[in-house]
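Asks: Please see the structure below; I have some questions.
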Amino acid sequence: MIEITDEHMREQLTRTREYSVVLLKAAEGHPAAGDDAVIWEHGRRNFQLRAEGLLSIVCPVQDHTELCGVGIFNASPQRTRELMEQDPGVRAGIFAYEIHPVRSFPGDCLPA
């Protein structure tokens with residue numbers, strides 16, 4: 001395992017910046033019949049937000065729990081809330097969400 005010194009950690013931590021994590025949850029009574037078309041448009045919007053550089057990481061959760069997805073937004077919590085309030089699934093009452101401010105390293109990404 002690679003050794004990481006205290007000095008290296010201190011230097012790297014100066015490079016972090018703020019992001020927002022969204023935990024997307026199924027609203028009460030959902031998923032339900034007829035939700036598919038709205039969920040499709042929710043997905044389309046996620047692609048738009050990714051293309052605009054606002055939604056850096058999007059991870060649908062597939063374990064059939066109330067947690068439906070996790071997203072990391074390149075935006076403040078306030079801006080993220082504005083974006084989420086315009087989400088088709090949120091507007092239709094299919095999804096609820098939580099926003100949490102976080103810090104991470106610019107340029108981090110999922111492995112290919």
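Asks: State all residues of the range 7-54 that are among the acidic types (Asp, Glu), surrounded by 11 or more Cβ atoms within 10 Å (Cβ to Cβ) and not in a helix (DSSP H, G or I); if no residue qualifies, say none.
Replies: Within the range 7-54, GLU18, ASP35 meet the criteria.
Asks: Please specify each residue of the range 62-76 satisfying the condition of being of a type in the set (Val, Ile, Thr), surrounded by fewer than 18 Cβ atoms within 10 Å (Cβ to Cβ) and either touching a residue at least 12 places away in the same chain (Cβ under 8 Å) or in contact with a His (Cβ under 9 Å, 6 or more places away or on another chain) (or both).
Replies: Going through the range 62-76, the residues of a type in the set (Val, Ile, Thr) turn out to be 65, 70, 72.
Imposing the further condition that a residue be surrounded by fewer than 18 Cβ atoms within 10 Å (Cβ to Cβ) reduces the set to 65, 70.
Correct list: VAL70 only.
Asks: Please go through the range 55-100 and pick out each residue that is of a type in the set (Phe, Trp, Tyr) and either assigned to a loop (DSSP other than H, G, I, E, B) or modelled with pLDDT under 95 (or both).
Replies: none
The values are calculated or read from the model by the stated rules, or taken from the named source; none is laboratory data. Owing to the predicted nature of the structure, the values given are computational and were not obtained by experimental measurement. Don't worry about glycine lacking a Cβ; one is built from the backbone with ideal geometry, like all the others, and counts go over all protein chains shown.
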